[in-house]
Amino acid sequence: MKVWQIAIIVIVSVIVTSLASASVVVLLNTPKNTVGYTGSLSNVPWQPAPNQTTTIPPNQGLPANPQSSLTLTNAAAIAQNYLSGNPDLAVKEVQEYSQNFYVQIYERSTGIGAFELTIDKYTGSVYRETGPSSTWNTKYGIGTYGYQPSYGFAPGPGMMWREGGMGAWFGGAPNQNLGNQITPYQAQLYAQQYLDLNYPGTVAGQVTTFYGYYTITVLNGGKVVGLLSVNGSNGQVWYHTWHGTFIQRTGIN
């Protein structure tokens, strides 16, 4: 092969190599096609319109972050709003525990405890408390004139739903006697006997009277650690095991 032929081959190889390199650079710098959102609007999380309201009073509702816990003020406002069907009922006290909020409801006209509620710390849902408030309550408990099955209450945009509607559950039985055969002092003694046997070192504290039973704070070193209830007829004790660890409390009225 002659020298000039070799030179031509070399020049052609260099040109081909340069063109190939340029093509690669262009491909690498060409923007890639992106695929936009193609799902239906039904898949987008629902949010309330600005003019929609909730059943929770302004500035006292659910926190912006659904993972954060409600405050005592939030819980008290939710509970009081839940009672709006009966002006004689009001929130007496709210206690915060690790599992939920505990709320005492009382009658303004008599000063007697009406019933007890629990509130979910993250959703604000309101429930009739399990145990004594449902089964021992002679005015607002299961089988009484004032009771309706519990389905809970979840505050939400434009929604106002309470157990059994606005009427019967809050009505209570007319001319209903208190129904407690033992005194608050006796109830406290029964509670202390139970605590000495099952939770040595704890003390039966404040007694709240309800229709058919009493609810008593449990103290350890002078600090609240829990709750128990005493049947107003036979002195049976029922410890509230569903609250978890006590955190704080506040009196409303």
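Annotations for the structure displayed:
- The simple spin-label model puts a point 7 Å past each Cα toward its Cβ; for residue 239 and residue 183 those points are separated by 2.8 nm.
- Long-range HN-HN contacts of residue 226 with modeled amide H, under 5 Å: 218
- For segment 179-241: relative contact order, % (alpha-carbon pairs under 8 angstrom, 6 or more apart): 34 percent
- Cut-off 17 Å (backbone N to label point 7 Å along Cα→Cβ of residue 207), residues of segment 216-253: 216-219, 227-239
- Taking label positions 7 Å along the Cα-Cβ direction at both residue 73 and residue 220, the computed distance is 3.1 nm, reported to one decimal.
- Label-to-label distance, nm, for residues given as residue 197 and residue 123 (7 Å Cα→Cβ offset): 3.7 nm
Coordinate-derived values only; no laboratory data. The model shown is predicted, which means the values in this text are computed figures rather than measured ones. Ideal geometry is used to build each Cβ from the backbone, glycine not excepted, and the neighbour counts take in all protein chains shown.
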